[in-house]
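Worksheet for the structure shown next.
The values are calculated or read from the model by the stated rules, or taken from the named source; none is laboratory data. Note that this is a predicted model, so its numbers are computed, not measured. A quick note on method: Cβ atoms are made from the backbone with ideal geometry, for glycine too, and the neighbour counts reach across all protein chains shown.
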Amino acid sequence: MNSRHEYLEEVLKWKEDVLTVLKDEGVNENESIYLRIHDFSTQLSRLVEEDASNEVLSVVQGEVAALHEEVEQYFIERQSHGSTFINETYVQPGKHVLPPLPYEYNALEPYISEEIMKLHHQKHHQSYVDGLNKAEISLAQARKNNDFSLVKHWSRELAFHGSGHYLHTIFWNNMTPKGGGAPGRLLLREIEKYFGSFDLFKKHFSEAAKAVEGVGWAILVWSPRSRHLEILQSERHMILTQWDTIPLLALDVWEHAYYLQYKNNKASYVDNWWNTVNWKDVEERFLKARQLKWKPF
Ligand SMILES: [Fe+2]
């Protein structure tokens with residue numbers, strides 16, 4: 001099986017996921033968005049049977065991008081009408097899927113080989129997706145059974161596999177066959193403002209990446225609080241966080257936060273802390289945070 005064929009197979013799988021989302025959202029099968037996907041699907045099945053050329057594949061890639069935008073637009077319009085209650089599209093516990101690569105496995109050659117891309121995407125990223133699903137399901141089970149004896153273990157798994165899944169999803173899209181050069185004016189201006197120049201930014205980013213201890217990531221981030229860019233290292237990536245998430249409610253359990261009053265009775269501090277929570281603030285953060293929407297995977 002060649003990589004073009006595999007790519008088409010993945011797009012087919014992605015199309016099925018989109019259909020599931022529409023179904024879950026209660027979208028009527030007579031709506032035009034369904035017909036649009038149906039046409040696309042017929043076209044795809046034919047291509048999977050034939051040995052599609054590179055030109056045809058780039059048409060498919062364009063179609064995937066257009067279709068994705070149409071689906072998003074469809075939901076935005078439905079929401080703006082406000083007459084019907086729309087469930088936000090969300091990934092239910094254990095329902096993460098491997099996103100298709102936005103290009104073929106050999107598309108980044110000679111910089112990254114087809115062999116690496118295949119292994120990295122199909123094996124490594126898939127195992128993060130599987131691990132994240134397992135952790136989410138296990139924690140859902142723990143809530144259901146009121147049994148949190150393994151909460152520490154599953155929280156670690158959630159962080160490790162969740163960060164793996166989210167960061168790889170960012171990583172694939174951060175690359176493109178005709179990449180390189182410099183960013184557009186807005187980002188470039190922001191980079192120059194904070195790092196001094198584009199070359200200094202690249203130097204800082206490369207040095208941070210090379211100096212990551214063991215395994216991990218170099219990550220350019222935006223800080224909504226400082227309102228500037230920053231370069232961070234993530235060793236491994238599972239130190240109990242999931243990158244690509246936004247904190248809404250935080251409880252400080254460092255000793256300085258409770259020891260003078262509660263001594264070593266951290267549990268009592270945690271239980272009492274609930275009486276102080278400002279839910280209005282948490283909700284405001286939630287409303288701001290949910291404005292940021294990435295394609296769900
Ligand atoms: Fe990786």
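Being outside the structural domain of LEU12 (by TED's automatic domain parsing) and farther than 29 Å from TYR7 by Cβ is a condition met by at least one residue of region 158-170.
Scanning region 44-71 for residues that are touching an Asp or Glu at 6+ places or on another chain (Cβ under 9 Å), more than 23 Å from PHE297 (Cβ to Cβ) and surrounded by 11 or more Cβ atoms within 10 Å (Cβ to Cβ) gives a single hit, VAL56. Which residues, taken from region 119-129, are crowded, with 20+ Cβ neighbours inside 10 Å and among the hydroxyl-bearing types (Ser, Thr, Tyr)? Passing the criteria: only TYR128. Contact annotation: residue pairs with Cβ atoms under 7 Å, 6 or more positions apart or on different chains, pairing a residue in region 210-235 that is farther than 23 Å from PHE198 by Cβ with a partner that is among the polar types (S, T, N, Q) and surrounded by 12 or more Cβ atoms within 10 Å (Cβ to Cβ), are GLY216/GLN233; GLY216/SER234. Is there a residue in region 141-161 that is aromatic (Phe, Trp, Tyr), touching a residue at least 24 places away in the same chain (Cβ under 8 Å) and on the phi < 0 side of the Ramachandran plot? Yes, there is a match, as at least one residue in region 141-161 is aromatic (Phe, Trp, Tyr), touching a residue at least 24 places away in the same chain (Cβ under 8 Å) and on the phi < 0 side of the Ramachandran plot. Exactly one condition in (1) surrounded by fewer than 18 Cβ atoms within 10 Å (Cβ to Cβ); (2) within 16 Å of the ligand (Cβ to nearest atom); (3) farther than 28 Å from LEU229 by Cα is not met by GLU109; state its number. Of the numbered conditions (1) surrounded by fewer than 18 Cβ atoms within 10 Å (Cβ to Cβ); (2) within 16 Å of the ligand (Cβ to nearest atom); (3) farther than 28 Å from LEU229 by Cα, the odd one out for GLU109 is (2). Just checking, does region 74-82 include any residue being modelled with pLDDT under 80, over 19 Å from TRP294 (Cβ atoms) and of a type in the set (Gly, Ala, Ser)? Yes, region 74-82 has at least one match.
Residue-level check: of (1) surrounded by 12 or more Cβ atoms within 10 Å (Cβ to Cβ); (2) under 24 Å from the mean Cα position of the chain (by Cα), TYR259 misses just (2). For PHE85, state whether it is part of a helix (DSSP H, G or I), modelled with pLDDT under 80 and aromatic (Phe, Trp, Tyr). Here the answer is no, as PHE85 does not meet what is asked.
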